[in-house]
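Since the structure comes first, as C-alpha cells, the remarks are kept for the end.
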Amino acid sequence: MISSRSLSTAFFLCLALLAPGVSAQSLPDFSRIVDTGSPAVVKIIVEHSAGRAASGQPDMEQIPEYLRRFFEYRGDVPPQRQRMSMGSGFIISEDGFIVTNNHVVDGAESVLVRMIDRREFEAEVVGTDPRSDLALLRVAAEGLPFLRLEAGDSLKVGEWVLAIGSPFGLDYSVTAGIVSAMGRSLPTEEGENYVPFIQTDVAINPGNSGGPLFNLKGEVVGVNSQIFTRSGGSIGLSFAIPSSVVRNVVAQLQEKGRVTRGWLGVTIQDVDKTLAESFGLDRPQGALVAQIAEDGPAAKSGLQPGDVILRFDGKDIPTSSDLPHVVGLVAPGEKVPVEVMRDRKRKTLRVTVGGLDADDSFALRSERSGDAGAGRLGLVVDDASPEALERLGLSGGVVVRQVAPDSVAADAGVIPGDVITMLGASPVKDVDSFQRAEKRLSAGDSVPLRLIRRGSPLFIGLKLRD
C-alpha cells in the first residue's frame, strides 16, 4: 500500500522534473573549464619573517607570576621562526607573469609558486597595488600554460561562474555558483573605493585569495579577493575584482612597476529623494559634489560644489559610489566629458583628470562668533570668526548653535556645530547673508543646504512646510 507521504513526494518530484529550466540537461558542465584552466592556476606559498609575538614566545606580562617559570626561556632568546601563508594565483602569459592578491604577498620574504604538475618556481614580485588588492609576480620559465582575461565587461547578474584555488591549502579545489550582483562598493580602511567588485555565491574560503573566477567560456572575469563571513568560512558572499580593473593594473605594473589612477579632488555624497527634488532631478541619481580641493583637477576644470555628476567619460553615475570606479580607470592628464546638473539645468564640462597622489585632504572645524535669532528653518546661527575661516580654508560661513525641535532643520537632520556655507543657490558668508537667503525661500520649496560636519562637507535637502 502506498502512503500519502510517498504520493506527495512523487507529486512534487514530477513537478520539479517538468518545471522549465531545471532539467539536468540545462545545468552547465564545468569539466572542460577545469581541464583547460587548472594547469595555469598556481598555489602560492609565502614565507614571512615572524616577530617575537608570532615566534611562539608569549607576552610574559599577561601570564600569572606562578606560571611564568614554565614559559621563560633559559639562556639566549631563540631565533625567530619563519611563518608561512598560502594563497592562489594564475598565469597570464607564457613567459611567466602571474596575478594574485596584494594581501597574499604583502610583506613576503620569499614567494614560491607551485603548479598542478608539482613544478615549483621562486617568484619575483614585479609590483603591487594595495588600492585594488592586486599583485603581479613573475617566474623564470617559458612556454607556460596561461589564462586569458575577459576582453570586455559583458558579465551579467545570474551568470554561472567557477572558481579554482587552494582553500585551506586543499590544492586545486573547484567551486561554482552564480553572479549575485555587480559593482559592489567595499571601501578600504582608508575609505578608498576604487574597485567595483563582482559579488557571487561561489564558495570562497581562506586560500582562494588571488585565484581566478571563470565564466562559461573559460575566460577569467575576476580575481577572487574577499569574503563576508562571521565564522571565518564561506557563507555565500564572496567578492572578486573584475577583469577590467585587473587589465588596467597589470598593464601599468608591467610597464612602470606602479599604478596611478585618475583623481578629481572632490568630496561626494549620494542624492536622496529630497535633494533630487531640490536640484531639479526627476529621481535620486548621480554623485553630488560637496567639496572641491583648492587648485585640484575639479576646481581647475570648472566643477563647483552643488554640481550633481550624472555621467563621467560617457558612463552613467547612478550613485556616488560609482564615480570613483570610473574616475580611477582614467589616465591622469586625460580630458573627458562630464555631464552635471547645475542650477536645475544639464551642463557638459570638459574635465582634465589629475593623479590620485595629489593632496586631497581637508581640515574642517568650526568656531562660534556673533549671534542671530531662530528663523523659519528653526536655526540659531553665529558668524564664524576670521581666524576660524582661515583655518578651515573657507571664505565664509555660519555655525549652527541651536536647532529648534520639530523644525524644518530638525526634520532634515541639521545638528549644532554644523557649519553652513550655502543655502539653496545662495552662498552663505555670514549671518546677514544666511538670513537674506532664508527670507527668499517659499513655502513648499525643496532646497539644498551645504554644510561642514565633523570635518566633512555634506549636502542636506530641506523641505519647507506649506
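The values are calculated or read from the model by the stated rules, or taken from the named source; none is laboratory data. None of the values given here were measured: they were computed from a predicted structure. As a convention, Cβ positions derive from the backbone with ideal geometry for all residues, glycine included, and neighbour counts pool all protein chains shown. Note: accessible area is taken over every heavy atom of the protein model, side chains too, but ligands, DNA and RNA are not part of it. Shrake-Rupley method; radii C 1.70, N 1.55, O 1.52, S 1.80 Å.
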ask   = open to solvent by 50 Å² or more (accessible area, probe 1.4 Å), more than 34 Å from the chain's Cα centre (by Cα) and within 23 Å of Lys273 (Cα to Cα) - does that describe any residue in segment 430-442?
value = yes
inquiry  = Is it the case, given these coordinates, that Gly143 is assigned to a loop (DSSP other than H, G, I, E, B), open to solvent by less than 50 Å² (accessible area, probe 1.4 Å), on the phi > 0 side of the Ramachandran plot and not hydroxyl-bearing (Ser, Thr, Tyr)?
reply    = no
inquiry  = For segment 237-266, give me each residue that is assigned to a loop (DSSP other than H, G, I, E, B) and over 19 Å from the mean Cα position of the chain (by Cα).
reply    = Gly257, Arg258
remark   = Being of a type outside the set (S, T, N, Q), at positive phi and in contact with a His (Cβ under 9 Å, 6 or more places away or on another chain) narrows Gly183, Gly207 down to just Gly183
note = If we keep only residues of segment 154-203 that are closer than 30 Å to Pro318 by Cα and among the aromatic types (Phe, Trp, Tyr), then the residue least open to solvent (accessible area, probe 1.4 Å) is Phe197
ask   = Which pairs do you get when a residue that is on the phi < 0 side of the Ramachandran plot and open to solvent by 30 Å² or more (accessible area, probe 1.4 Å), found in segment 93-106, comes within reach of a residue that is assigned to a loop (DSSP other than H, G, I, E, B) and not small (Gly, Ala, Ser), reach meaning Cβ atoms under 7 angstrom, with the pair 6+ apart or on two chains?
value = Glu94/Glu142; Glu94/Leu144; Glu94/Phe146; Asp95/Glu142; His103/Asp133
query = Any residue at all in segment 383-397 that is over 20 Å from Val271 (Cα atoms), open to solvent by less than 40 Å² (accessible area, probe 1.4 Å), free of Cβ contacts under 8 Å to residues at least 24 places away in the same chain and among the hydroxyl-bearing types (Ser, Thr, Tyr)?
reply = yes
request  = Taking Val408 as meeting all but one of (1) open to solvent by 60 Å² or more (accessible area, probe 1.4 Å); (2) within 18 Å of Leu275 (Cα to Cα); (3) at pLDDT 85 or above, write down the number of the exception.
outcome  = (1)
inquiry  = Looking only at segment 292-338, filter to residues that are farther than 21 Å from Val447 by Cα and among the acidic types (Asp, Glu); which one of those is least open to solvent (accessible area, probe 1.4 Å)?
reply    = Asp322
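For segment 294-401, list the helices (runs of 4 or more DSSP H) that sit wholly inside it and hold at least 2 residues that are at pLDDT 90 or above and either in contact with a Gly (Cβ under 9 Å, 6 or more places away or on another chain) or within 29 Å of Pro416 (Cα to Cα) (or both); which are they?
Values: elements: 297-301, 322-328, 386-392.
Ranges flagged: 297-301, 322-328.
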task = Tally the residues that are of a type in the set (Asp, Glu) and either open to solvent by less than 80 Å² (accessible area, probe 1.4 Å) or at positive phi (or both), restricting the search to segment 118-138.
result = 2
request  = Filter segment 86-103 for residues that are at pLDDT 95 or above and among the hydrophobic types (A, V, I, L, M, F, W, C) and give the result.
outcome  = Phe90, Ile91, Ile92, Phe97, Ile98, Val99
query = Any idea how many residues of segment 213-224 are assigned to a strand (DSSP E or B) and either open to solvent by 10 Å² or more (accessible area, probe 1.4 Å) or not polar (S, T, N, Q) (or both)?
reply = 6
